[in-house]
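First comes the structure, then the notes that go with it.
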Amino acid sequence: MAKAQLNESDTTLFQLRTALTGNYQTGNVDVLNFRGRLDFTASPGRNWVFKSQNSSLYQEFYSVKADNDLFSRNYLYFRPYQRLYPFAIAYISTNYRRQIDFRYFAGAGLTIQLWRSRLNVLKLSAGGVYEDTRFTASTFSSERYNGSRSIAVGRATTWLGGWHYLLDNHLRLYYDAFWQPAFSDANNYRWQFDVGVDVPVWRGLNLTALYTYTHENVVIIKVLPNDRLLTVGLSYNLRKTHRH
């Protein structure tokens with residue numbers, strides 16, 4: 001199981017992790033929920049690694065759409081096996097509940113590996129990005145943005161994440177969190193953290209649970225700034241190493 005963890009610092013040719021969770025209920029309560037995730041890294045050479053983390057969420061309550069979201073996080077790393085290494089970053093997302101029609105940001109930064117062993121990893125990253133968000137409305141919780149459906153800002157980005165194998169490799173705890181304040185407006189910030197566990201079942205197949213908490217401080221009027229989501233399901237890990 002330890003060898004299946006998605007990690008750009010491993011000397012692997014290809015790594016993949018996929019998960020699908022969901023539920024359907026009808027009768028006294030009508031609920032439809034699906035959440036998918038596909039993460040992978042590719043390293044055609046020794047120095048460069050590309051990592052992509054992609055998730056989707058769709059929810060209906062009584063046949064009324066509540067969520068229809070996509071979130072794609074993409075990174076290009078240079079020599080990530082070192083303790084300190086640079087990266088380029090590009091995110092693309094939509095968020096139906098927050099009335100975000102389309103958002104992208106791109107930038108660069110540095111990652112430091114604070115703790116790396118066979119069973120424990122802890123990393124810290126910092127950088128800067130340029131962001132452009134297109135909303136479906138033009139009245140915001142912060143009046144300075146009223147009148148336009150687009151907000152473009154530069155942001156600082158700080159990220160902390162890691163994972164630990166516990167109970168003789170029978171449980172993996174993983175987590176990450178990021179903080180993104182705007183350079184031009186102290187009131188325009190967001191943060192998010194994820195905490196999850198994997199329990200191995202058979203040959204890369206795991207039972208998995210993931211809790212996500214997000215806060216976005218500038219939102220459309222009547223949209224709440226906080227969201228929480230807990231999902232339970234299955235994940236699968238695949239790893240292919242370089243030939244030596």
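In sequence order, the stretch 220-227 has phi-based couplings of 4, 3, 6, 8, 6, x, 10, 9 Hz under the Karplus curve 6.51 cos²θ - 1.76 cosθ + 1.60, θ = phi - 60°, and Gly or Pro positions carry x. Look at the Cα gyration tensor of the stretch 28-73: its axes a ≥ b ≥ c give a/c of at least 1.5 with a/b over b/c, and that counts as prolate.
Charges were assigned to the Cβ only: +1 to each Lys and Arg, -1 to each Asp and Glu. The resulting dipole of the chain about its Cα centre is roughly 820 debye. Residues in the stretch 145-153 carry Karplus couplings, in order, of 9, 5, x, 10, 8, 10, 10, 10, 9 Hz; the curve used is 6.51 cos²θ - 1.76 cosθ + 1.60 with θ = phi - 60°, and Gly or Pro positions show x.
When peptides 21-33, 42-54, 85-97 are sorted by average Cβ neighbour count within 10 Å, with the highest value leading, the order is 85-97, 42-54, 21-33. Taking a ≥ b ≥ c as the square roots of the Cα gyration tensor eigenvalues, the stretch 12-241 comes out oblate, since a/c reaches at least 1.5 and a/b does not exceed b/c.
Annotation: extensible slack from residue 202 through residue 73 equals 43.6 nm (criterion: 0.36 nm per residue apart, minus Cα-Cα distance).
Surface composition of the chain: carbon plus sulfur atoms contribute 61% of the solvent-accessible area (1.4 Å probe, protein chains only, all chains present).
Estimated at 0.36 nm per residue, the fully extended path between residue 31 and residue 234 surpasses their Cα-Cα distance by 71.1 nm. Think of the stretch 12-241 as having a plus end and a minus end, set by charges on the Cβ of Lys, Arg, Asp and Glu; of 20, 217, 78, 78 sits farthest toward the positive end of this dipole. Name the residue from 66, 119, 235 whose Cα lies farthest towards the positive end of the charge dipole of the chain, charges +1 on Cβ of Lys and Arg and -1 on Cβ of Asp and Glu. It is 119. Straight-line cross-link reach from residue 51 at under 17 Å between alpha-carbon atoms covers these aspartates and glutamates, not counting any fewer than eight positions away in the same chain: 8, 10, 39, 176.
The mean accessible area for residues of the chain, using a 1.4 Å probe and ignoring ligands and nucleic acids, is 53 Å² per residue. Largest first, the residues 65, 222, 123 sort by 1.4 Å accessible area into 222, 65, 123. Extension gain, residue 24-residue 144: 0.36 nm per intervening residue step, less the Cα-Cα distance, totals 39.0 nm.
The values are calculated or read from the model by the stated rules, or taken from the named source; none is laboratory data. Since we're looking at a predicted model, the values are computed, not measured. A quick note on method: Cβ atoms are made from the backbone with ideal geometry, for glycine too, and the neighbour counts reach across all protein chains shown. For the accessible areas, the whole protein counts, side chains as well, though only heavy atoms, and no ligand, DNA or RNA atoms are used. Shrake-Rupley method; radii C 1.70, N 1.55, O 1.52, S 1.80 Å.
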